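Have a look at the structure below, then the notes.
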Amino acid sequence: MTHPLGAVDYTTKIPNNVNLADDQRVLKALEQWHPGYIDWWNTMGPEGFQTSDVYLRTAISIDPKGWAKFDYVKMPDYRWGILLAPRHDDRQVNFGAHKGEPAWQEVPGEYRAMLRRLIVIQGDTEPASVEQQRHLGKTAPSLYDMRNLFQVNVEEGRHLWAMVYLLHKYFGKDGREEADELLNRRSGDADKPRMLGAFNESTPDWLSFFMFTTFTDRDGKMQLESLAQSGFDPLSRTCRFMLTEEAHHMFVGETGVGRVIERTCQAMKEAGIEDAGDIAAVRKLGVIDLPTIQKKANLHFSLSLDLFGSEVSTNAANYYSSGVKGRFQETRIEDDHLLTNATYPVSKLVGGKVKMVDEPALTAINMRLRDDYVGDCSRGVERWNKAIEKAGLSFRLKLPHVAFHRHIGEFQNAKASPAGEVLTDVEWAAEKDQWLPSKADGDFIESLMQPCWERGKFASWIAPPKVGIDNKAGDFEYVKIHQA
Ligand code: BYC
C-alpha cells in the first residue's frame with residue numbers, strides 16, 4: 001500500500017522537533033521520499049505481519065521521562081518521527097584541529113564529503129538489519145519475542161529516517177540521491193549489496209537474531225556514541241536521541257541469549273546432565289547446547305569486530321582530526337583531544353604471531369573504539385556466565401580472540417583459533433566446525449524454530465522473560481495476529 005502523496009499530512013504524521021512545518025524545502029523532499037520508503041517497508045519489512053496489531057512504543061518527544069508511548073499499531077502506520085536531542089548553544093567542537101570552536105550548525109564545505117559518507121554508511125545499516133530479519137516473525141518463539149523483533153525493526157526504520165533527514169536537510173541534490181540509494185541497496189544482493197560486511201550476512205534463526213542484537217547493535221551503540229561527539233551538531237543531536245532507543249535493542253539481544261542459556265541449564269539440570277559437552281543428550285531435550293551457543297557468539301562477535309574497520313586507519317585519523325567523529329565518551333577522556341604526539345597499543349600480526357605494537361594514537365582510533373566495545377561485550381558475557389554458574393555447571397562462555405575469523409584489518413589474511421593462535425590453512429579447515437556453527441548445527445537450530453504464538457506460551461528452547469514490556473502481565477497479547 002502506498003499512501004497517495006496528497007493524503008500524507010507530514011506536520012502531524014511525522015512527529016518532529018525540527019520545525020518541519022516551517023521548512024518547506026525539506027518537507028517537500030521528505031514527502032517525495034516517503035512513498036518509496038513505505039514501498040520498501042511493505043516489500044522488505046517484516047514478512048506476513050504488516051496487518052497485525054503490534055504493541056509498540058513510539059518516540060513522540062525527547063523528554064527523558066516520557067519520550068515514548070505504547071499502543072497497538074499496524075507497522076506500516078508506525079509514526080517514524082524525526083527527533084533530535086536538545087540543542088545547547090554553547091556546545092563546541094571538542095577534539096581535533098577545530099577544538100574550542102563553536103559546534104557547526106551547517107556542514108563545513110571542506111568536510112562535506114566525509115560527513116556525507118559517514119551518514120550514508122550509518123543510514124545503510126538500518127534498513128539492512130530489517131531486511132536481514134524480515135522472515136523471523138514466522139518462527140517467533142512467543143508473542144513477547146515477536147513484538148520485540150518488530151519494535152527493533154520499526155526503530156531501525158526510524159533511524160533510517162533520522163539519517164535521511166540529515167541528507168535532505170544539509171546535503172542538497174546529492175543528499176537526495178543518496179537517500180534514494182538507501183532504499184535501493186539490499187542486504188546480501190549480489191549486484192546492490194549493503195555497504196558493510198555484517199549487514200550482508202543472513203540471520204537464519206532466533207539465536208542469530210539475539211546474537212546480532214547483542215553484538216552488532218552494540219557496534220551500533222559504539223559508532224553512534226562516536227558520531228554523537230561530532231562537531232557537526234545536527235549529527236550529534238540525532239545520534240544522541242537514537243542511543244535512547246538502541247539500549248532496548250541490546251536488551252532484547254542480551255536477555256534473549258540469557259533466556260536461551262537459562263532454559264538449556266534448566267533442562268540439563270532436570271535431566272541430570274552435568275557435561276555440557278554431551279551435545280547429543282542435551283539436544284534431545286529440545287534445547288540448544290551451550291557449545292553451539294558459544295559458536296554462534298564466536299560468529300557474531302567476529303563479524304561485528306569487522307565493523308570497526310582497520311585497526312590502523314588514516315580514514316579514522318582524518319575523521320578525528322577534522323572533528324567529525326570522536327572517541328567513545330570523548331569529553332570524559334583526560335588528554336589533549338588532539339592526539340598529535342600520543343601513541344596507542346594495537347594488536348598486530350608480527351612474524352606470524354599476534355603482538356601489541358604502539359602506533360600513533362590518531363591512526364589507532366578504530367582500535368581504541370574496538371577495545372571499548374570488547375570491554376562492553378565482556379561484561380555481557382559475564383552476565384550470561386553467572387546464570388550458568390548459578391545452575392551449577394562448570395561450562396563458561398568466552399569471547400574469542402580479536403584475531404579469530406576476521407575479514408577486515410590486521411588479521412584478515414590470517415587463520416587464528418579462538419585462543420589467538422595462528423594456524424595453517426589445513427589446521428583451520430580441520431578445526432573450524434568446532435568454532436563456528438556448522439551446517440549440522442544450523443539444521444538442528446532450524447528444527448527448533450517452530451512458531452509459538454499462544455498468549456503467555458514460550459517455545460521449548462527459551463525461558464520466559466522476568467518482566468513484561470511496559471510491565472504487562474505474562475499472558476499479555478503483544479501481537480494480535482492478522483496474517484497477510
Ligand atoms: N565492511 O580505514 P578503514 C548500526 C571499508 S552499526 C565493508 O579500514 P574506516 C546498526 C571502509 O568503508 C554502526 N567495508 O575503516 C547495528 C573504507 O572504504 P573506502 C554503523 C568496510 O573507514 C545493528 C575501507 O574499508 N555505523 O548502527 O576507518 C542494526 C578502509 O576503511 C568495513 C557506522 O559504521 C566493513 N566491515 O572505518 C542496525 C559509522 N570496514 O572509504 C544498525 C559510520 C571498513 O576506502 N562508519 N570498510 O571506500 C564509519 O565510521 C566507518 O566507515 C567504519 C570503517 C567504522 C565503518
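Between the range 400-422 and the range 288-365, the C-alpha centres lie 14 angstrom from each other.
Charged side chains reduced to their Cβ positions (Lys and Arg at +1, Asp and Glu at -1) give the range 220-295 a dipole of some 160 debye around its Cα centre.
Extension gain for residue 106 to residue 431 (0.36 nm times residue separation, less C-alpha to C-alpha distance): 111.7 nm.
Modelled spin labels at residue 382 and residue 471, positioned 7 Å past Cα toward Cβ, are 3.1 nm from each other. Look at the dipole of the chain built from charges on Cβ: of 51, 435, 418, the Cα furthest out on the positive end belongs to 51. Multiplying the residue separation of residue 177 and residue 278 by 0.36 nm and removing their Cα-Cα distance gives an extension gain of 30.9 nm.
Shape of the chain from its Cα gyration tensor (a ≥ b ≥ c, root eigenvalues): rounded if a/c is under 1.5, otherwise prolate when a/b > b/c, or oblate? Cα axes put the chain in the oblate bin.
Under 5 Å between amide hydrogens, built in the peptide plane, is the criterion, and for residue 82 it picks out 16, 17 among residues at least 5 positions away or on other chains. Does the range 106-205 come out rounded, prolate or oblate by the C-alpha gyration tensor, with a ≥ b ≥ c the root eigenvalues, rounded set by a/c under 1.5 and, if not, prolate when a/b is larger than b/c and oblate if not? Cα axes put the range 106-205 in the prolate bin.
Using 1/(1 + (r/R0)^6) with R0 = 41 angstrom and r between the beta carbons of residue 424 and residue 271, what's the FRET efficiency to the nearest 0.05?
Approximately 0.55, to the nearest 0.05.
Give the distance, in whole Å, between the Cα centre of the range 203-235 and the Cα centre of the range 158-192. One Cα centre to the other: 18 Å. The label-point distance for residue 356 and residue 19, in a model that sets each label 7 Å from Cα toward Cβ, rounds to 5.1 nm.
Say a paramagnetic label sat at a point 7 Å from the Cα of residue 69, along Cα to Cβ; which residues of the range 12-49 have their backbone N under 20 Å from it? It comes to 12-21, nothing else.
Once a ≥ b ≥ c are taken as the square roots of the eigenvalues of the Cα gyration tensor of the range 41-149, is the result rounded (a/c under 1.5), prolate (a/b larger than b/c) or oblate (a/b not larger than b/c)? Kindly include the intermediate steps, with their values, before the conclusion.
Values: a/c = 3.24, a/b = 1.90, b/c = 1.70.
Since a/c reaches 1.5 and a/b is larger than b/c, the shape of the range 41-149 is classed as prolate.
Mind checking which of 105, 42, 94 is farthest towards the positive end of the range 14-147's charge dipole, using Cβ charges of +1 (Lys, Arg) and -1 (Asp, Glu) about the Cα centre? Of the options given, the answer is 94.
Could you size up the charge dipole of the range 347-427 around its Cα centre, putting +1 on the beta carbon of Lys and Arg and -1 on that of Asp and Glu, and report it in debye to the nearest 20? The partial results should precede the final answer.
Values: 13 positive and 11 negative charges, 58 e Å.
Dipole size: approximately 280 debye.
Distances between placed amide hydrogens fall under 5 Å for residue 359 paired with 344, 346, all partners being 5 or more residues away or on another chain. Annotation for residue 440 and residue 374: the two label points, set 7 Å from Cα along the Cα-Cβ direction, are 3.2 nm apart.
Return a whole-number percent for the relative contact order of the chain, with Cα pairs under 8 Å and 6 or more residues apart as the contact set.
Details: 816 pairs, mean separation 93.2, N = 484.
Relative contact order of the chain: 19 percent.
Here the chain is treated with +1 on each Lys and Arg Cβ and -1 on each Asp and Glu Cβ, and its dipole about the Cα centre works out to around 540 debye. Short-range pairs are left out: with C-alpha atoms under 8 Å and at least six residues apart, the relative contact order of the range 45-97 is 32 percent. Shown for the range 270-403: lysine pairs separated by 8 or more places, or found on different chains, whose C-alpha atoms are under 27 Å apart, numbering 23.
Values quoted throughout were computed directly from the atomic coordinates according to the rules given, and no laboratory measurement underlies them. Bear in mind that the values here come from a model prediction, so they are computed numbers and not experimental data. Ideal geometry is used to build each Cβ from the backbone, glycine not excepted, and the neighbour counts take in all protein chains shown.
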